[in-house]
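Down below is the structure, laid out as structure tokens.
The values are calculated or read from the model by the stated rules, or taken from the named source; none is laboratory data. The shown structure was predicted, so the numbers you read here are calculated from the model rather than taken from an experiment. Virtual Cβ from ideal backbone geometry, glycine too; neighbours counted across all protein chains shown.
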Number of protein chains: 2
Amino acid sequence: MGERLVSTRSAVMQFKLMPIGHVVTDASHEELRHRTVVSKIIIDRKYAKGLRDLEGFSHLYVLFFLHEGPKWKGKLSVHPRGRIDLSERGIFATRSPHRPNPIGLTLVKLLSRRGRTLTVRGLDAYDGTPVLDIKPYDEEDSTPRPRVPRWWRELKRESKRKHRVARV
Amino acid sequence: MGERLVSTRSAVMQFKLMPIGHVVTDASHEELRHRTVVSKIIIDRKYAKGLRDLEGFSHLYVLFFLHEGPKWKGKLSVHPRGRIDLSERGIFATRSPHRPNPIGLTLVKLLSRRGRTLTVRGLDAYDGTPVLDIKPYDEEDSTPRPRVPRWWRELKRESKRKHRVARV
């Protein structure tokens, strides 16, 4: 609430965000990667009424703050998944937490809502992660066959070989 | 980039974000709704190198600040699309700009990248909108048949009847 736009001086413009809730999970960081884990999102009491009607949707977007991520120090390329054997890629071509605005975005399946607690499958956010927004997902968010580069496809394939990655 | 976490006092926790670029379009607000418009995103010079490799992806997520949206005054339900003839719905069950953290999220088709200019189709952000993040989209962001409530489906159907809404 209050003034959100902190400053608008040409290049200097900052925005303030407040968490609306947080993630609860006892899964390890490694387990969370595989997008099969069931987590809870507890929304703060003051925002609880905003959840009304959410249970009509099977899938949601969760926006969250990558609060345990590394502090961004201006680096504009990263080794995907920290794999130093692979070429560096531009940060905006990755989902790395190394980014100017460390906002995480994940598509999850909504399993249930009880009051201000959402039970979801597929959230890769750590326990205690501050949640910024919840948005409903619909067919316009889906596109049948997105093209991805070869290096990305190979990374995913490898990850699937190691673990069964479920589609949420 | 300084301290991002402004305060962590239990319930009071704020985050600062900085725009990484902005949207350029001469389409009207009404036209932008239909997700067929071609827009440009100009990324600031200091972040330009982060765009490397992005052209390997056909689709992207654009996160942006809903800077022209109404200031949120604590309302937790809205009439979808401002249609006062329809029942109010919880804000998190809508994509309304009325939300505690007014971050917009849109799936777009990447038509081209030239240096730090992205040409995209389907972005519904207004001219001058501050862009917060760009993320690659892959098949894990897609889910074949998401369930949505009836009121949502009817709103979409109406909108499609009035205008041809293209799938990006």
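Quick notes
- The set of residues in segment A:44-75 that are farther than 16 Å from B:THR94 by Cβ and among the aromatic types (Phe, Trp, Tyr) comprises A:PHE64, A:PHE65, A:TRP72.
- Residues that are more than 15 Å from the chain's Cα centre (by Cα), away from chain B (no Cβ under 12 Å) and among the hydroxyl-bearing types (Ser, Thr, Tyr) within segment A:77-132 comprise A:SER112, A:THR117, A:THR119, listed in sequence order.
- Taken over segment A:111-153, the criterion of being surrounded by fewer than 17 Cβ atoms within 10 Å (Cβ to Cβ) and among the small types (Gly, Ala, Ser) is satisfied by A:SER112, A:GLY115, A:GLY128.
- Residues of segment A:36-53 satisfying the condition of being surrounded by 22 or more Cβ atoms within 10 Å (Cβ to Cβ) and of a type in the set (A, V, I, L, M, F, W, C): A:ILE41, A:ILE43, A:LEU51
- Residue within segment B:123-136 that is within 18 Å of A:GLY104 (Cβ to Cβ), at pLDDT 95 or above and assigned to a loop (DSSP other than H, G, I, E, B) present: no
- Going through (1) of a type in the set (Ser, Thr, Tyr); (2) facing chain B (nearest Cβ under 9 Å); (3) assigned to a loop (DSSP other than H, G, I, E, B) one by one, A:TYR47 falls short only on (3).
- Single unsatisfied condition, B:VAL108 versus (1) surrounded by fewer than 22 Cβ atoms within 10 Å (Cβ to Cβ); (2) of a type outside the set (Ser, Thr, Tyr); (3) closer than 26 Å to A:ASN101 by Cβ: (1)
- For segment A:57-76, filtered to residues that are of a type outside the set (A, V, I, L, M) and free of Cβ contacts under 8 Å to residues at least 40 places away in the same chain, the residue that is surrounded by the fewest Cβ atoms within 10 Å (Cβ to Cβ) is A:LYS73.
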